[in-house]
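> Got a structure here, written out as structure tokens. Questions coming.
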Amino acid sequence: MDHDWIKDKVIIVTGGASGIGEAIAKLTASKGAKVVIADINDEKGESTVAAIEKADGFAKYIATDVTDAAAISDLVAQARRLGQIKFLVNSAGLQTYGTVESTSEVTWDKTMNINLKSMYLVAHEVVPEILKHGGGAIVNISSVQAIRSQKNVLAYATSKAGAVALTRCMGLDYAEKGIQVNCICPGSVDTPLLRYGASQHGETEAVLKEWGSHHPIGRIGTPEEIAQVALFLMSPASAFMVGQAIVADGGLGSVIL
Ligand SMILES: NC(=O)c1ccc[n+]([C@@H]2O[C@H](COP(=O)([O-])OP(=O)(O)OC[C@H]3O[C@@H](n4cnc5c(N)ncnc54)[C@H](O)[C@@H]3O)[C@@H](O)[C@H]2O)c1
């Protein structure tokens with residue numbers, strides 16, 4: 001497939017310094033996009049930019065806390081100077097654990113703010129830009145836990161289910177206006193976030209192997225596999241998909257253990 005649709009267009013990737021966002025930043029840069037990485041991890045943000053530049057791509061890191069509306073306005077103002085903003089990927093997120101009893105209000109609010117409210121805040125600023133340039137696409141990163149959950153992930157799973165509803169509503173609201181809005185529900189993907197989760201359950205490598213065995217495919221996923229789905233959801237090839245939640249989980253959410 002040729003990638004003229006994304007060449008020289010600006011894409012904002014929240015959480016683009018690490019994991020799934022990093023893989024999406026690298027893949028879209030390799031297709032000619034001007035990638036803006038919005039993250040709070042300055043060191044990883046700059047090293048991802050360096051890796052993209054080394055591969056002859058264009059990327060800029062803009063330190064942005066996606067829970068801060070003023071910082072997001074500044075992000076969009078800076079991104080606008082680079083060209084036409086036509087694509088947004090909301091990948092910033094964190095994993096939290098707890099039941100309804102053990103989840104503190106602080107953890108609940110933090111989880112909702114970073115995983116869910118940020119998607120609204122960033123899209124609130126970016127959608128008018130995309131409309132100005134005749135349309136584009138938004139991909140939100142939800143989780144298979146929006147649909148099927150482990151125990152002890154109350155706030156996380158709730159935030160991810162919210163992302164599915166947000167995506168559906170945005171998809172409907174902008175279908176006629178030329179913005180494709182869809183989300184991805186990944187299973188376990190080998191990123192620092194997942195490795196942190198695994199380390200809470202035992203020896204990291206052993207836990208990752210065990211989690212992989214729960215996926216019918218027999219392994220956890222790679223960030224690059226999720227990036228390919230995101231690229232498809234931004235492309236004209238998926239133009240007839242509106243507000244969908246695409247499960248990319250190695251079969252995890254479909255199997256009875
Ligand atoms: N890895 C998995 O198994 C998995 C599975 C399903 C869904 N997800 C989702 O994918 C998304 C990406 O996760 P990942 O696994 O790549 O994790 P990751 O930790 O590698 O990357 C997340 C990025 O988000 C950034 N971030 C966190 N809070 C932020 C804030 N307030 N402002 C700006 N940036 C912030 C972090 O600095 C980090 O660079 C998350 O939304 C996560 O919930 C991951």
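> Considering the stretch 77-117 alone, what residues qualify as being away from the ligand (no atom under 14 Å from the Cβ), under 20 Å from Ile138 (Cα atoms) and of a type in the set (A, V, I, L, M)?
The answer is Ala77, Ala79, Leu82, Ile85.
> Here's another thing I want to ask about it. From the list Ala227, Ala163, Ala198, which residue is of a type in the set (A, V, I, L, M) and under 22 Å from Asp109 (Cβ atoms)?
On inspection, the qualifying residue turns out to be Ala163.
> Sticking with this structure for a sec: List the strands (runs of 3 or more DSSP E) that sit entirely inside the stretch 1-102 and contain at least 2 residues that are β-branched (Val, Ile, Thr).
10-14, 34-39, 85-90
> Taking the stretch 118-155 on its own, how many of its residues are within 12 Å of the ligand (Cβ to nearest atom), closer than 17 Å to Asp65 by Cβ and either hydroxyl-bearing (Ser, Thr, Tyr) or free of Cβ contacts under 8 Å to residues at least 40 places away in the same chain (or both)?
Counting residues in the stretch 118-155 that are within 12 Å of the ligand (Cβ to nearest atom), closer than 17 Å to Asp65 by Cβ and either hydroxyl-bearing (Ser, Thr, Tyr) or free of Cβ contacts under 8 Å to residues at least 40 places away in the same chain (or both) gives 1.
> Would you check if there is a residue in the stretch 162-174 being without any contact (Cβ under 8 Å) to a residue 40 or more places away in the chain, in a helix (DSSP H, G or I) and either surrounded by fewer than 19 Cβ atoms within 10 Å (Cβ to Cβ) or touching a Pro at 6+ places or on another chain (Cβ under 7 Å) (or both)?
yes
> Of a type outside the set (Gly, Ala, Ser) and either surrounded by fewer than 17 Cβ atoms within 10 Å (Cβ to Cβ) or within 12 Å of the ligand (Cβ to nearest atom) (or both), is that true of Thr204?
yes
> Checking the structure you have, find out if any residue of the stretch 119-137 is at pLDDT 95 or above, surrounded by fewer than 19 Cβ atoms within 10 Å (Cβ to Cβ) and closer than 18 Å to Gly197 by Cβ.
no
> Of all the residues that make up the stretch 111-152, how many are polar (S, T, N, Q), under 26 Å from Glu224 (Cβ atoms) and out of contact with any strand residue (DSSP E or B) (no Cβ under 8 Å at 6 or more places or on another chain)?
Going through the stretch 111-152 one residue at a time, the tally reaches 3.
> So, in the stretch 222-257, exactly how many residues are charged (D, E, K, R) and either loosely packed, with under 14 Cβ neighbours inside 10 Å or in a helix (DSSP H, G or I) (or both)?
2
The values are calculated or read from the model by the stated rules, or taken from the named source; none is laboratory data. As the structure is a computational prediction, the values presented were derived from the model and not from experiment. Don't worry about glycine lacking a Cβ; one is built from the backbone with ideal geometry, like all the others, and counts go over all protein chains shown.
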